[in-house]
Each structure stands twice: as structure tokens, then as C-alpha cells.
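Below: the structure, in C-alpha cells.
The values are calculated or read from the model by the stated rules, or taken from the named source; none is laboratory data. Remember, predicted model here, so these are calculated numbers, not experimental data. Every residue, glycine as well, gets a Cβ built from its backbone with ideal geometry; the counts of neighbours run over all protein chains shown.
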């Protein structure tokens, strides 16, 4: 959309003014070959507008995402929710925060332990049969919240949800900024083998399927369908 392009242009103008000199990989300019990208130790990874369907549907569930990747891990993340005038942000070793308008930033944390009745978040636009099968396998009661964009990560990070199983396709710019927010809030973002998601390790920018959660005392991987 025109909004994606306009947001991309703003970020491409602003990020270089920070003086880091780091390269930028954006969804709107993602044709850079891996032969060039693989030499990047530190770079900006941005999604100028995550949740295009939500933007088009005018439900407010879209975000602007900026991450700084160092050695394949997100060390800084900013997720801005324009309609709510709210920003989630985090940096390695400094914690995770939510700020609305001009209010003072509030520290956020995942919920541990997970309660008896879980709150699970899923995609509003991209739910898959594998996601439905995962939910069937869960023990006990749960409430399901369907919401768009990287807001799903943010709900886990601030303790409003316990689990986000993403058993469908995403790209690295969809997850990196919010990944940092979740981890610095005390949570986890892991692939189906239990390893943390990593960035810029291969030619494809597609992520593996993954789980986002706060309480690591429970084996969330145990509910993964066998055919994945």
C-alpha cells in the first residue's frame, strides 16, 4: 500500500541520521542478495507497516517495527502502534517498556507462572490448521484472543497473554523488533526444536514456525502436532 511505502521512506531517511552507519533491511526493499547480507554483523531490520490487512480493514491492529540485529540476535526493538499512540521498546540488558503518548514509560514483564486458564493469542488473518490442532492438544481451559500484527508478541511481553504459537509463515522483519521486547520482558521466542529464533543466517528471510511464551516451567513444545 501507499502507507507501507511512505513509512519505509521515513525510516530510510531517519535511521541513517542516528550515525551508526549500519545497513538497513526493510520489507519494502528486501531484494538484497544474501551474498551481501551475510557479511553484516550489525544491521537494522524493519517492517514499515506490519498488519497490512488490519490497516486496510481500519481496525487499528497494525504496527511499525524497527529492530537492531547484532550477531543474528535482536538487541534493540521498537514496536509502535500508531492508532493507540503506544510504543513498546526494549534493549538488551535494559528491560522492556510500554509508553503511551507523553506518559512515563512503564516497565513490562511476562506472566509467570501461567495461570490455570491460559490466554492464547493468534493471528486474526492467518490462522492455520496446524494452529487449530495445537490448541486441541493443550491441557485445560484457555481464552483465545485473535489480533493482528506484532501486537501478539506485545501481549505476551506485557503479561496479558501467556502463549503465541505461530505455526504458519512469517518473515524476519515481522518478528525481530517484538522478539526483542518479549525476551527483555523475560519471555522466550523459540523454534519447534526449542532454539531461539536467529536472523540473517540463510538466503531465505522466512522464519521457521515458532512459539512465544513467558512461563518456561511448562513444556509448550509437547503440544506440537507430529506432522510439522
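Before moving on, here are some points about what is shown:
- Screening residue 223 on (1) loosely packed, with under 15 Cβ neighbours inside 10 Å; (2) over 16 Å from the mean Cα position of the chain (by Cα) shows it passes everything except condition (1).
- So residue 181, is it touching a residue at least 40 places away in the same chain (Cβ under 8 Å), in a strand (DSSP E or B), within 12 Å of the chain's Cα centre (by Cα) and buried (at least 24 other Cβ atoms within 10 Å of the Cβ): no
- Some residue of the range 87-101 being closer than 18 Å to residue 174 by Cα, surrounded by fewer than 21 Cβ atoms within 10 Å (Cβ to Cβ), touching a strand residue (DSSP E or B) at 6+ places or on another chain (Cβ under 6 Å) and modelled with pLDDT under 95: no
- The residue of the range 124-146 that is surrounded by the fewest Cβ atoms within 10 Å (Cβ to Cβ), among those that are within 18 Å of residue 50 (Cβ to Cβ) and touching a strand residue (DSSP E or B) at 6+ places or on another chain (Cβ under 6 Å), is 146.
- Test: residue in the range 129-152 that is under 24 Å from residue 90 (Cβ atoms), in a helix (DSSP H, G or I) and within 12 Å of the chain's Cα centre (by Cα): yes
- Scanning the range 83-98 for residues that are part of a strand (DSSP E or B), without any contact (Cβ under 8 Å) to a residue 40 or more places away in the chain and over 14 Å from residue 66 (Cα atoms) turns up 86, 97.
- For the residues 68, 25, the requirement of being at pLDDT 70 or above, farther than 27 Å from residue 125 by Cβ and assigned to a strand (DSSP E or B) singles out 68.
- Taken over the range 202-225, the criterion of being part of a strand (DSSP E or B) and closer than 15 Å to residue 111 by Cα is satisfied by 212, 213.
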